[in-house]
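In what follows, a single structure is set out as structure tokens and then discussed.
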Amino acid sequence: MTTAILSALAEEQQGLIELLHRPRRVERAGRSFWQGELHGQPVVLALSRIGKVAAATTATILIEAFDAQRLVFTGVAGGIAPGVQVGDVVVAQEFVQHDMDASPLFPRYQVPLYGRERFDCDAVLSSALIAATRSGLQQLGLQAAVHQGLVASGDRFVSAAQEARDLHAALNAAGHAPLAVEMEGAAVAQVCHDYGIPFAAMRTISDRADDTAHLDFPKFVREVASRYALAILDAFMYELK
Ligand code: SAH
């Protein structure tokens with residue numbers, strides 16, 4: 001069973017490529033896909049690229065061209081719920097698109113023709129990802145909080161405190177209380193829903209989606225996120241054996 005590992009950023013993928021046994025690089029649709037084995041299991045690594053359309057295309061290629069039978073995503077995100085701090089980890093239970101609005105034809109946030117606002121992650125794969133997150137953090141000697149819940153995706157880097165508050169309040173008012181905001185997860189979750197393929201996602205909180213997000217984000221990615229992703233995914237593939 002081939003596991004696809006999607007990373008949002010090259011810094012998060014590099015360590016995985018180095019761990020890959022019998023690596024082979026395949027080009028498709030202007031993207032590089034790395035096939036090989038991790039802990040004796042077939043895997044294919046890809047960069048999601050940024051934003052919902054790019055991430056959906058990458059996920060579709062992983063399923064259609066590389067026969068991925070489960071997808072796991074690692075990346076960084078902005079914390080928007082109170083108490084979700086830089087350095088914490090969020091494992092997604094569900095995703096919502098915060099920029100989906102076909103009202104008044106469909107309720108705000110509903111994805112037209114699906115009759116739903118949210119797309120689920122796979123419970124079993126997500127439990128494995130939580131276990132791997134805890135053991136990965138332990139190996140790194142980190143005490144980071146691990147949250148589980150709803151993540152909001154949209155084609156915007158949220159980098160103003162007022163915008164983050166408004167976004168959080170509007171989603172909350174509609175009954176969707178998100179922990180974090182990012183730009184890809186909901187798209188990948190929708191593709192996996194269409195194909196009936198299990199999906200799990202973890203995001204390390206790189207910023208608070210506020211006025212310093214554009215400074216916090218690159219610093220965090222350089223210094224911390226890549227180590228998190230590698231330790232967690234190494235533990236994840238080991239535990240899936
Ligand atoms: N400058 C970066 C672009 C990053 S865009 C580059 O050169 O690659 C931000 C990425 O981190 C997206 O993949 C998104 O999913 C996530 N992210 C982190 N913080 C975010 C925030 N506050 N709002 C939206 N997305 C965020």
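All of the numbers you see were taken from the coordinates with simple rules; none came from a lab. The structure presented is a predicted model; accordingly, all values stated were derived computationally and were not measured. Positions of Cβ are backbone-derived with ideal geometry, glycine not excepted, and every protein chain shown enters the neighbour counts.
A few notes on this one:
- Around the Cα centre of the chain, unit charges on the Cβ atoms of Lys, Arg, Asp and Glu (plus for the first two, minus for the last two) sum to a dipole of about 380 debye.
- Angle between the chain longest axis and helix 52-64 axis [Cα atoms, degrees, rounded to 10]: 40
- Rounded if a/c under 1.5, otherwise prolate or oblate - the range 1-141, Cα gyration tensor axes: oblate
- Given charges at beta-carbon only (K, R positive; D, E negative), |dipole| of the range 90-170 in Debye: 200
- Principal-axis tilt of helix 161-173 within the chain, Cα atoms, nearest 10 degrees: 80
- Where the Cα pairs of the range 60-127 fall when distances are cut into 10 Å bins, in %: 16, 33, 38, 13, 0
- For a label point 7 Å along the Cα-to-beta-carbon line of A174, residues of the range 98-137 with backbone N under 14 Å: 98-119
- Distance from the range 153-197 to the range 84-128 (C-alpha centre basis), Å: 6
- Charge dipole (debye, nearest 20) of the range 33-97; +1 at Cβ of Lys and Arg, -1 at Cβ of Asp and Glu: 160
- Rounded to the nearest 10 degrees, the angle from helix 226-239 to the longest Cα principal axis of the chain is 60 degrees.
- For the range 3-239, fraction of C-alpha pairs farther apart than 24 Å, in %: 40
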